[in-house]
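None of the figures in this text is laboratory data; all of them are computed from the coordinates on show. Here the structure is a predicted model, which means the values were calculated and not measured. Quick reminder, even Gly has a Cβ in these numbers, built from the backbone with ideal geometry, and neighbours come from all protein chains shown.
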Amino acid sequence: MADRLSFDEYVAARSGRLLGTSYLLTRDHGLAEDLLQTALTKAWFAWSRIDGDPEPYVRKVLVNTYASWWRRKWSGEHPTEDVPETGRPDHAGPSAAAHDLWQAMGRLPRRQRAVLVLRYFEDLTEAETARILDCAVGTVKSQTAKALAKLRLDPAIVAEVNGGEWR
């Protein structure tokens, strides 16, 4: 029963931050909630075996679950004759620059996006990021460099930096 209470306390204290990470990875509120729920379910089953701080373990489960989702072929979209109504963009903040960055992040490969989310939004070290992604620190460094280089060349960001004009 004590393990159950500590898990409940952990979820109450950390689920908001973990949901934010899930959202940054998936870029969709519904998928982020599903991802977090799936990761927390997996963590609950292993809760009695987790020694010390559960945060790294839960974060690793979250990222690994996300990785397994993108490896799996998804067939949730089906072509139709009618184009659905377009809603408002799924991003936070009214700033056009934030929207441009958000769109540019969405164009990155998922692994590079995961590295940037963990390094800069979650403020993890290279070693912590490597541990969560189960790769070498050098891989984190190279994926970060490649992702930042792609962002620097993204047309939406280049246009924003140059005052809306190509230079």
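For the reader, a short list of remarks on this structure follows.
- Length-normalised contact order of the stretch 96-161 in % [C-alpha pairs under 8 Å, at least 6 apart]: 44 percent
- Model label points for residue 103 and residue 33, set 7 angstrom from Cα along the Cα-to-Cβ axis, are 2.7 nm apart.
- Global geometry of the stretch 96-161, whether rounded, prolate or oblate, following the gyration tensor of its Cα atoms and the 1.5 cut on a/c: prolate
- Footprinting exposure proxy ranking of 24, 35, fewest other C-beta atoms within 10 angstrom first, gives 24, 35.
- Inter-label distance, nm, simple model (7 Å from Cα along the C-beta direction), residue 42/residue 141: 2.8 nm
- Dividing the mean sequence gap of close Cα pairs (under 8 Å, 6+ apart) by how many residues the stretch 2-71 holds gives a relative contact order of 31 percent.
- Among 40, 54, 23 - extreme Cα towards positive end, dipole of the stretch 2-71, charges at beta-carbon: 23
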